[in-house]
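The values are calculated or read from the model by the stated rules, or taken from the named source; none is laboratory data. Every value quoted in this text rests on a predicted model; they were computed, and no experiment measured them. A quick note on method: Cβ atoms are made from the backbone with ideal geometry, for glycine too, and the neighbour counts reach across all protein chains shown. All accessible areas refer to the heavy atoms of the entire protein, side chains included, with ligands and DNA or RNA removed. Shrake-Rupley method; radii C 1.70, N 1.55, O 1.52, S 1.80 Å.
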Amino acid sequence: MIRLQTPLTEAAVRGLRVGQEVSLSGVVYTGRDAVHKYLHEGGLLPDGVSFHDGVIYHCGPVVMKEPNGDWKVTAAGPTTSIREEPYQAQIIRDFGVRAVIGKGGMGDQTMAACKEYGCVYLHAIGGAAQVLAECVRKVRGVSFLEKFGSPEAIWELEVVDFPAVVTIDAHGNSRHREILAHSQAELAKRL
Amino acid sequence: MDYTLESSLMNALFESLVELIRRTSAEIPEDVHRALLASLEEEKKGTIAESALKIIDRNIALAKQKSQPICQDTGSIIFYVDVPIGFDQLAFEKTCREAVTASTKKGYLRQNSVDSLTGVNDGTNVGPGAPTVHFHQHHSPTVSVRLMLKGGGCENVGAQYSLPLEKLHANRDLDGCRRVILDAVVQAQGKGCGPGILGVCIGGDRATGYEYSKQQFLRMLDDRNSDPRLDALEQDILKTANELGIGPMGFGGKTTLLGVKICAANRLPASFFVSISYMCWAYRRQGIELDADHAIARWLY
Ligand code: SF4
C-alpha cells in the first residue's frame with residue numbers, strides 16, 4: 001500500500017506502477033460529465049479552485065445539508081470514467097491534473113496524456129459508496145451547484161486514506177489493456 | 001371475493017413496500033453475501049482482488065448498519081408481483097409509485113430517473129416506465145412482491161446476440177450460445193462492477209429475451225437449473241469465466257462471476273437470440289409475502 005498526499009508531485013506520480021494499491025489523503029475535486037464538457041469548451045474554473053498537482057474524482061456524491069449548515073457526504077462511489085475520454089487528456093494537460101479517480105478505466109488518449117504530462121488513473125471500488133463516503137472527512141466547498149446540480153457540481157472534499165488501485169500509470173501501461181488481452185487469450189484456449 | 005383495496009389496506013401496503021425498498025437498497029441478500037465471502041476465501045492473500053472484495057464486504061456491513069444505499073446508483077426499480085385472480089392491480093401499482101416517491105424522499109433511493117427527452121430529473125423516481133411493475137396471477141390467495149434494483153453500470157454491459165454469428169463461430173446450438181455468453185463476459189471486463197452474475201435467455205424475441213434474462217436474477221444464487229442441459233451450461237460458463245483472470249473490478253483474479261442463470265424460451269424459426277443481462281456485485285433483490293392485512297408476513301430471500 002502506497003500512501004499519497006496532495007498536492008501530488010510529478011515525481012511521486014511517475015513513481016507509481018499499474019497494479020499498486022494506494023491510499024490517498026488530502027483534497028480531491030469531484031467532476032463528471034457537465035464539468036468535463038464545460039472545461040473542454042473553454043470554461044474557466046471558479047476562483048479558489050485549482051486542479052494543479054491535484055486530483056479529479058469522477059463521482060456524483062450524495063451530499064446532505066446538516067442542521068448547522070455543514071455539508072455531509074452520505075454516498076461517494078466512483079462513476080464510469082470512459083464517458084470523459086473525449087475531454088480528459090486536454091484537461092490533464094491544461095489544468096496540470098496529477099491523478100484521476102474513477103471506475104472502469106479510460107482509453108488511449110488519456111493513457112497518452114498520463115505518460116506525457118505525468119498523471120495516473122486510480123481505480124476506486126465501484127459500488128462501495130459507504131466505505132468511500134467514510135473516507136470523506138470534510139466538504140470544503142462546492143462550485144457550480146446551481147449551474148450543474150448537485151451530482152454534477154465540483155465538490156471540494158477532504159479525504160483520508162481513500163483506497164484505490166493504479167490501473168493506468170505514467171509509463172504507458174494500462175491494467176485494463178493487459179487484463180483484456182490476457183482474458184481474450186485464455187478464452188481462446190477454452191473455445 | 002372482492003379484492004378492491006380499501007384505504008386501510010392501501011396504507012398497510014404502502015408501509016410494507018417502503019420497508020421492502022429500504023431493505024432491498026441497504027441490505028445485500030444472504031445468498032449473495034455468502035457467495036461474496038466464499039470468493040474472498042478463494043482469492044490469493046495480499047492481492048488487489050482480495051482487497052477489493054474486502055472493501056466490498058466492509059461496504060455491505062456499513063450500508064446495513066447505517067440503513068443507507070449499498071451503492072449510490074439505486075438502479076432501475078423493477079417489481080414482480082404475484083397476485084390472486086381478481087386482484088386490484090391498478091390500486092397496487094399506484095401504491096407502488098407512491099412508495100417509490102416516499103422512499104426517495106427518505107434517501108433509500110437516489111433521485112435516479114431522468115426524462116429521456118428533456119434530461120430533467122424531477123426527483124420523484126416516477127415517470128413513464130418507472131418504476132416497472134410486472135404482475136402474474138396465481139391460484140393462491142397470497143400476494144408476494146419481489147423487488148430488484150438494477151444498476152446502470154452493469155446494465156450497460158448487457159448484450160444481445162443474434163445467431164449465427166460468424167465472427168465468433170457461433171452457430172445455432174448450445175456451443176454457439178456458450179461462445180457468445182463468454183464473449184459478453186470478456187467484453188464486460190470489470191466495467192459492470194464485477195464480480196457479476198449473468199442472467200441469460202436463449203430464444204424469445206428481442207424484448208422478451210432481455211425480460212426473461214433479468215427474471216433469472218430472481219432465482220437463488222446457489223440453486224440448480226432443473227433442465228440438465230442448461231444446468232451443465234451454467235456450471236461450465238461459471239467455471240470457464242472464472243479461469244479468464246478478469247477478477248473483481250477487472251483488476252485480475254479468480255472471481256469474475258458469482259453465478260450464471262440461464263433459461264430458454266421458444267423462438268421463431270427465423271431468429272435465434274441470446275440475451276444476456278449482467279448484475280453487479282451490488283445485487284439488490286428482496287421479496288415479501290403479504291398477510292391478509294397487507295403487512296409483511298415473511299421475507300422471501
Ligand atoms: S454497476 Fe452496480 S455497483 Fe457498480 S455503480 Fe452501478 S449499481 Fe453500483
### Summary
Of (1) away from every other protein chain (no Cβ under 12 Å); (2) free of Cβ contacts under 8 Å to residues at least 60 places away in the same chain, residue B:57 satisfies every one except (1)
### Message
Criterion first (at pLDDT 95 or above, closer than 22 Å to residue A:82 by Cβ, open to solvent by 30 Å² or more (accessible area, probe 1.4 Å) and within 16 Å of the ligand (Cβ to nearest atom)) does residue B:156 satisfy it?
### Response
yes
### Summary
Filtering helices (runs of 4 or more DSSP H) wholly in region B:174-277 for at least 1 residues that are under 24 Å from residue A:105 (Cβ atoms) gives B:174-188, B:228-241
### Task
For region B:136-150, state whether one or more residues are away from chain A (no Cβ under 14 Å), within 16 Å of the ligand (Cβ to nearest atom), under 29 Å from residue B:22 (Cα atoms) and outside any helix (DSSP H, G or I).
yes
### Task
Quick one: which residue in A:82, A:92, A:101 is among the aliphatic types (A, V, I, L, M), surrounded by fewer than 24 Cβ atoms within 10 Å (Cβ to Cβ) and under 12 Å from the mean Cα position of the chain (by Cα)?
A:82
### Query
Residue check: is residue A:48 farther than 20 Å from residue A:170 by Cα, in contact with a helix residue (DSSP H, G or I) (Cβ under 9 Å, 6 or more places away or on another chain) and surrounded by fewer than 16 Cβ atoms within 10 Å (Cβ to Cβ)?
no
### Tally, over region A:49-72, of residues that are within 16 Å of the ligand (Cβ to nearest atom) and either in contact with a strand residue (DSSP E or B) (Cβ under 6 Å, 6 or more places away or on another chain) or on the phi > 0 side of the Ramachandran plot (or both)
5
### Query
Scanning for something at pLDDT 95 or above, surrounded by 14 or more Cβ atoms within 10 Å (Cβ to Cβ) and within 23 Å of residue A:180 (Cβ to Cβ), does region B:228-236 turn up at least one residue?
yes
### Message
Of all residues being touching a helix residue (DSSP H, G or I) at 6+ places or on another chain (Cβ under 8 Å) and either open to solvent by 50 Å² or more (accessible area, probe 1.4 Å) or closer than 20 Å to residue A:26 by Cα (or both) in region A:104-113, which is farthest from the other protein chains (Cβ to nearest Cβ)? Just the residue, please.
### Response
A:112
### Message
Against the definition (away from every other protein chain (no Cβ under 14 Å) and away from the ligand (no atom under 16 Å from the Cβ)), how does residue B:240 come out, yes or no?
### Response
no
### Message
So, residue B:109, is that one closer than 19 Å to residue B:286 by Cβ and more than 14 Å from the ligand (Cβ to nearest atom) or not?
### Response
no
### Query
If the Cβ limit is 7 Å and pairs must be 6+ apart or interchain, which residue in region A:70-84 that is closer than 14 Å to residue A:110 by Cα and in contact (Cβ under 8 Å) with a residue 24 or more places away in the chain pairs with which residue that is open to solvent by less than 10 Å² (accessible area, probe 1.4 Å) and within 13 Å of the ligand (Cβ to nearest atom)?
A:81/A:58; A:81/A:102; A:84/A:58
